[in-house]
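Encoded as C-alpha cells, the structure appears first; notes follow it.
The values are calculated or read from the model by the stated rules, or taken from the named source; none is laboratory data. Just so you know, these numbers come straight off a predicted model, no measurement behind them. Here the Cβ positions follow ideal geometry from the backbone for every residue, glycine too, while neighbour counts run over all protein chains shown.
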Amino acid sequence: MVLIFIEKQAKDVETMEPVRLAEYEHLARQALPKMAYDYIAGGAEDEVTLGENEAAFQRLKLRPRVLVDVSRVDASTRILGQRVEFPVLLAPIAIQCLAHPEGEQATARAAASAGTIMVLSTMSTFSMEEVAQVSDGPRWFQLYCYRDRKVTQGFVERAHSHGYSAICMTVDTPYLGRRERDIRNRFQYPSNIVLKNFVGHVDLAAIPSDIHGSAVAAYAASLLSPSLTWDDVDWLCSLTSLPIVLKGILTAEDARLAVEHGVKGIIVSNHGGRQLDGVPATIEALPEIVEVVQGRAEVLLDGGVRRGTDVLKALALGAKAVLIGRPYIWGLAVDGEAGVKRVLAMLRAEFELAMALAGYRSVSEINSNLVVRACG
C-alpha cells in the first residue's frame, strides 16, 4: 500500500504545473530528444563556466530595507528608449524549432504579450520577416559578422526594414567553442529544419554537414569571420541608424573600447558558458564593466538568471536589464507559446515580490547597497 502511494505521489508531482523555472527544465528534458536537449543545455569543455553562471548569483546576498511602503511596486523600465514591463529580455537562441514546431514565432508572440523585447537569432528557423509578421512587439536582431560582408550588410538592411529596433552583434565567436555534448552526439540539424534567414542569400548546401561531429561547428567554420576587429564595429555603425549592441563583453578594457567606438549597449555575456570555458560568471564580470562605462552605454547581462532575485542582484550591480535564454526554451519545449508566457510571468512575479521584500518600489531605486558578497 505504501509503495502504491509513493508511485502515485511521484506521478502527481510530474503532472503538476511548475512553480519554479528549474521544474520547466526537468519537464523539457523529458520532452526533448537527447541530442536536442544536450544542444540547448550544454556548454563548452568541462562546463565550468556554465555552472558558475548560476553559482555566482548564490554567493551574492541581499540586504533588504524594511518599513518602506511597497503597496505599489513598478517593475517597468526603458531599454534603449523602449518601455518594457519588467527588465527581462529574451536572449537570441538558435534553431528554436528543435524545442517546438512554432519555434521563434511562438517566442515572439509570448514576448510581445509579456511586454518585453525578443532578440531574434541569425540562426533562427523562421526568417526575420516571418517573425515580424506574427508579432508587433519590440524586437532586436542578433547578428554575426560573416566572411562575405554583403551577407552581413543584407541582414542589417532587412532587419531595419522589418521593424527590428536594434542590432545585437555577437563578438565572442571568432571560432565556435568546443561543445563536447554536440561532438559526442554528432549533432545534426533535423531534415525538416532550415535556417531561413539564409535562404536566397547563402548557399547552405555548400557547407560541410559536420566538422568534428557537429553541424553547428561546420556552420561557424564556413561562415563566421575570425578576423573581426573594432574596425568592423565602426563599419557596422556606419551601415545603419539603429543602435548597435555588442554581446559577449567580459572585461573593462573591451567595454571602454566599445563605448569609444559608438555602441549604445553592451551585453555582459560568456555565451551561456558555450565558448571559452573558465571565464568569469557574468555577474562577477558586471561591476568592472559598469564602472568603466559610466552611463555612456546601457549595460545588460545574460547567463545564469533563474530567479527573480537574480534579476534584482544584477540590477543592484548596475545592469539595466538581464536576458534569459535556456529558461524560456524549456517553457517552449514543454508548452509552446503558453510555456514561454508562463516562464516570463513566473519570473516577473518573483522579481516584483523580491523588490517589495527588499524595500524597493521602482527599478530606478535599486542600487548597490542591496547586495553584499558572502564570506568564504
message: If I filter segment 201-216 for residues that are touching a strand residue (DSSP E or B) at 6+ places or on another chain (Cβ under 6 Å) and either modelled with pLDDT under 95 or assigned to a loop (DSSP other than H, G, I, E, B) (or both), do I get at least one hit?
response: no
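For R306, indicate whether it is under 23 Å from R59 (Cα atoms), among the basic types (K, R) and not in a helix (DSSP H, G or I). Full working, then the answer.
On the way: under 23 Å from R59 (Cα atoms): yes; among the basic types (K, R): yes; not in a helix (DSSP H, G or I): yes.
Against the criterion (under 23 Å from R59 (Cα atoms), among the basic types (K, R) and not in a helix (DSSP H, G or I)), R306 qualifies.
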field: Among the candidates G339, G303, G308, residue that is in contact with a Ser or Thr (Cβ under 9 Å, 6 or more places away or on another chain), surrounded by 20 or more Cβ atoms within 10 Å (Cβ to Cβ) and among the small types (G, A, S)
entry: G303
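In segment 267-283, is there at least one residue being in a loop (DSSP other than H, G, I, E, B) and either in contact with a His (Cβ under 8 Å, 6 or more places away or on another chain) or within 26 Å of G81 (Cα to Cα) (or both)? Spell out how you get there, then give the answer.
Pass one, segment 267-283, residues in a loop (DSSP other than H, G, I, E, B): 269-270, 274-281.
Next, only the ones that are either in contact with a His (Cβ under 8 Å, 6 or more places away or on another chain) or within 26 Å of G81 (Cα to Cα) (or both) stay: 269-270.
Yes, because at least one residue in segment 267-283 is in a loop (DSSP other than H, G, I, E, B) and either in contact with a His (Cβ under 8 Å, 6 or more places away or on another chain) or within 26 Å of G81 (Cα to Cα) (or both).
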query: Among the residues of segment 46-53, is any outside any helix (DSSP H, G or I) and within 25 Å of L315 (Cβ to Cβ)?
result: no
message: With the structure loaded, tell me whether V156 is surrounded by fewer than 24 Cβ atoms within 10 Å (Cβ to Cβ) and among the aliphatic types (A, V, I, L, M) or whether it fails that test.
response: yes
- line: The residue that is nearest to I40 (Cα to Cα), considering only those in segment 138-162 that are at pLDDT 95 or above and in a loop (DSSP other than H, G, I, E, B), is P138
query: When segment 342-373 is examined, which residues are found to be buried (at least 20 other Cβ atoms within 10 Å of the Cβ) and of a type in the set (D, E, K, R)?
result: R348
task: Look through L357, L286, L353, L347 and report the one residue that is under 17 Å from the mean Cα position of the chain (by Cα), in a helix (DSSP H, G or I) and over 30 Å from A36 (Cα atoms).
output: L286
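What is the residue count in segment 107-137 for residues that are assigned to a helix (DSSP H, G or I), within 17 Å of the chain's Cα centre (by Cα) and surrounded by fewer than 24 Cβ atoms within 10 Å (Cβ to Cβ)? I'd like the intermediate steps shown before the answer.
Filtering segment 107-137 down to residues assigned to a helix (DSSP H, G or I) leaves 107-114, 128-134.
Filter once more, keeping what is within 17 Å of the chain's Cα centre (by Cα): 107-112, 114.
Those left that are additionally surrounded by fewer than 24 Cβ atoms within 10 Å (Cβ to Cβ): 109, 112, 114.
Counting residues in segment 107-137 that are assigned to a helix (DSSP H, G or I), within 17 Å of the chain's Cα centre (by Cα) and surrounded by fewer than 24 Cβ atoms within 10 Å (Cβ to Cβ) gives 3.
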message: Would you confirm whether or not segment 58-79 contains a residue that is free of Cβ contacts under 8 Å to residues at least 24 places away in the same chain, in contact with a helix residue (DSSP H, G or I) (Cβ under 7 Å, 6 or more places away or on another chain) and either buried (at least 17 other Cβ atoms within 10 Å of the Cβ) or farther than 24 Å from P280 by Cβ (or both)?
response: no
message: As an exercise: evaluate E260 against (1) in contact (Cβ under 8 Å) with a residue 12 or more places away in the chain; (2) out of contact with any helix residue (DSSP H, G or I) (no Cβ under 6 Å at 6 or more places or on another chain) and give the number of the one condition it does not meet.
response: (1)
